[in-house]
Amino acid sequence: MGKNELTCDCNHIHEGVVKSTKEHMPNDEMLFDLAEFFKVFADSTRIKILWALHENELCVCDIAVVLNMTKSAVSHQLKILRQANLVKNRKDGKVVYYTLSDEHVKEIFEMAVEHLEEL
């Protein structure tokens, strides 16, 4: 693919489109938060945990067995997922169960898989 196929050779600014795009751009703080949010998905272990929780509510021990990991490794990743508001927990006696925090997380996951399947 030649250089000209990847760049615009014109010097004409499409003012209407540029104005509209600028008006609809989130502020820098929101874009930073969005980038931080997606960084959480950049770890395959966290993706595996999210996938497992996409299927069922699980405790740390269950997740550790499903993913063949130590409980401490799972707990470390769950802390990051909790801080990103991607998972929530509930306590039942001495057992803490984890689930995806809401339907949005499930939808993000499903949309990503659907996108990858289209490729």
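The values are calculated or read from the model by the stated rules, or taken from the named source; none is laboratory data. The structure displayed is predicted, hence computed values, not measured ones. Methodologically, a virtual Cβ is constructed for each residue, glycine included, from the backbone with ideal geometry; neighbour enumeration extends over all protein chains shown.
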Filter the stretch 1-34 for residues that are more than 22 Å from Ile108 (Cα to Cα) and surrounded by 10 or more Cβ atoms within 10 Å (Cβ to Cβ); which is modelled with the lowest pLDDT?
-> His14
Right, Val95: among the hydrophobic types (A, V, I, L, M, F, W, C) and under 14 Å from the mean Cα position of the chain (by Cα) or not?
-> no
Boolean, Leu67 is hydrophobic (A, V, I, L, M, F, W, C), farther than 26 Å from Leu34 by Cβ and in contact with a Lys or Arg (Cβ under 6 Å, 6 or more places away or on another chain) = yes
Based on what the data block shows, is Thr45 of a type in the set (S, T, N, Q), more than 25 Å from Asp102 (Cβ to Cβ) and more than 12 Å from the chain's Cα centre (by Cα)?
-> no
Can you run down the residue pairs with Cβ atoms below 7 Å, 6 or more apart or on separate chains, where the first is in the stretch 69-98 and closer than 15 Å to Thr45 by Cα and the partner is of a type in the set (Ser, Thr, Tyr) and assigned to a loop (DSSP other than H, G, I, E, B)?
-> Leu86/Ser101; Val87/Ser101
Quickly run through the stretch 1-51 and pick out the residues that are in contact with a strand residue (DSSP E or B) (Cβ under 9 Å, 6 or more places away or on another chain) and of a type in the set (Phe, Trp, Tyr).
-> none
Restricting attention to the stretch 90-119, the residues that are crowded, with 16+ Cβ neighbours inside 10 Å and in contact with a Lys or Arg (Cβ under 9 Å, 6 or more places away or on another chain) number exactly 5
